[in-house]
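Have a look at the structure below, then the notes.
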Amino acid sequence: MRIIETVVAMRSERASLTSPVALVPTLGGLHAGHEALLGAARERAGTVIASLFLNPTQFGENEDLDHYPADRERDLAVMRNAGVDVVFAPSVGEMYPPGDAFTVDPGPIGEILEGAHRHGHLRGVATIVAKLFIATRPDLAYFGEKDAQQLEIVRRMSRNLLFEIEIVPVPTVRDGRGLAMSSRHAYLSEEERSAAEVVYRSLRCAREAWNGGTHGSSALEGVMRTVIEAEPLATLDYAAVVEAATFEPIPEPDSGASVVSRTAALALVAVRIGNTRLIDNVRLD
Ligand code: AMP
């Protein structure tokens, strides 16, 4: 496994790699979710590049950039075990040269949900993913469905900015209690970890309501809100139901829009457990 720390070295390495080349971007703090992405990439790609870069522009001022739970040696060991060929681990100065002010704006989808609650976050994500794409020029890039809005933005970016990179989604990996794996679980106390189960429980309740014939977004959002508000350690940032393909609100049942022609919906929640912010989503088919 080669560890590369500069864009220049990455470019020259890229010229000699076996196709197809897959990229798996990570912030570090690797867990079973990241391992699933690396495993899926390993299965299909001739070369797997994993990036290890704690991207400052996707963190807000009062967020956890300074104490993000990433351990470089441990992360490199996980990557080595997963069969990664090349780790791209640049410094902040490599990815954001002095005077850098250019950004990638995802447009309106960057302003809703995560974008509304974490200002600038999705612009920071789009900007760094674009830079990683340019530095590594992958044929395939792997992203988790856990970050559904990020995944949709990366898909659109690949098309709209003509990267033409195949974006491969990987299903959310959960622990035995249903909690979607997250680096931020490291912040949770035992009590908070139990409380965090409310996140997936709220989504399961939305899915049950959907399967039982409740297809209005406000009713489904109400179901999720009620479940989350019953947990004293949880504070709801948002609970939303959108069309999976467009991220537009789904039509209310009495709006006259055809239910039959509707594509799958996505139920999404963002919840704070103490000081730890968790997101999760499920498809409603
Ligand atoms: P991060 O290091 O948190 O930026 O995550 C890197 C990649 O791993 C992103 O594409 C995430 O969507 C994905 N990921 C994070 N958690 C999970 C999970 N529990 N299951 C599947 N993919 C995940």
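Cut-off 18 Å, label point 7 angstrom out along Cα-to-Cβ of GLU197: give me the residues of region 218-240 whose amide nitrogen falls inside. The answer is 227-235. The residues of region 2-170 expose on average 45 square angstrom of accessible surface per residue, using a 1.4 Å probe on protein heavy atoms. 3J(HN,Hα) along region 91-108, derived from phi through the Karplus expression 6.51 cos²θ - 1.76 cosθ + 1.60 where θ = phi - 60°, amounts to 7, 4, x, 5, 7, 10, x, x, x, 4, 9, 7, 9, 10, 9, x, x, x Hz, with x in place of Gly and Pro. For THR214, no residue 5 or more places off, or on another chain, has a built amide H under 5 Å of its own. Given H placed on each backbone N at 1.01 Å, which residues far from VAL104 in sequence or on other chains put an amide H within less than 5 Å of it? Answer set, sorted by chain and number: THR127. Shape of region 95-137 from the C-alpha gyration tensor: prolate (a/c of 1.5 or more and a/b above b/c, with a ≥ b ≥ c the square roots of its eigenvalues). Using a 1.4 Å probe on the protein chains only, how many percent of the accessible area of the chain belongs to carbon and sulfur? About 51 percent, which is the carbon plus sulfur part of the accessible surface. Positive end of the dipole of the chain (Cβ unit charges, origin at the Cα centre): among THR47, GLY33, TYR238, the Cα lying farthest that way belongs to THR47.
Between the C-alpha center of region 204-253 and that of region 24-65 there is a gap of 29 Å. The overall shape of the chain, judged from the alpha-carbon gyration tensor, is prolate: a/c is not under 1.5, and a/b is greater than b/c.
Projecting the Cα atoms of VAL168, ALA180, LEU220 onto the charge dipole of the chain (Cβ charges, centred on the Cα centre) puts VAL168 farthest toward the positive pole. 3J(HN,Hα) along region 201-210, derived from phi through the Karplus expression 6.51 cos²θ - 1.76 cosθ + 1.60 where θ = phi - 60°, amounts to 4, 5, 6, 5, 5, 4, 5, 4, 4, 4 Hz, with x in place of Gly and Pro. Placing +1 on the Cβ of every Lys and Arg and -1 on the Cβ of every Asp and Glu, with no other charges, gives region 1-144 a dipole of roughly 540 debye about its Cα centre.
Could you tell me which residue out of LEU17, MET1, GLY144 lies farthest along the dipole of the chain toward its positive end? Charges go on the beta carbon: Lys and Arg +1, Asp and Glu -1, centred on the Cα centre. About the Cα centre, the residue reaching furthest to the positive side is LEU17. Values of log10 I(q)/I(0) for region 183-279 across q = 0.14, 0.16, 0.18, 0.25 Å⁻¹ run -0.53, -0.66, -0.79, -1.24, by the Debye formula with one identical scatterer at each alpha carbon and no solvent. Per residue, the solvent-accessible area of region 188-281 (1.4 Å probe, heavy atoms of protein chains only, all protein chains present) comes to 46 Å². Here the dipole of the chain is about 660 debye; that uses its Cα centre as origin and unit charges on the Cβ of Lys and Arg (positive) and Asp and Glu (negative). Inter-label distance, ASP254 to ALA32: 4.4 nm, where each label sits 7 Å from its Cα along the C-beta direction.
Across region 222-233, coupling constants 3J(HN,Hα) worked out from phi with the 6.51/-1.76/1.60 Karplus curve, θ = phi - 60°, read x, 4, 5, 4, 4, 5, 6, 5, 6, 9, x, 7 Hz, and Gly and Pro carry x.
Specify whether the C-alpha gyration tensor of region 45-144 places it in the rounded, prolate or oblate class, a ≥ b ≥ c being the square roots of the eigenvalues: rounded for a/c under 1.5, otherwise prolate if a/b is larger than b/c and oblate if not. Taking the square roots of the gyration eigenvalues as a ≥ b ≥ c, region 45-144 is prolate. The peptide list 220-233, 164-177, put in order of mean Cβ contacts within 10 Å with the highest first, becomes 220-233, 164-177.
The values are calculated or read from the model by the stated rules, or taken from the named source; none is laboratory data. This is a predicted model, so every value here is computed, not measured. All Cβ positions, even for glycine, are placed from backbone atoms using ideal geometry, and neighbour counts span all protein chains on display. To get the accessible areas, we keep the full protein, side chains included, count just its heavy atoms, and leave off ligands, DNA and RNA. Shrake-Rupley method; radii C 1.70, N 1.55, O 1.52, S 1.80 Å.
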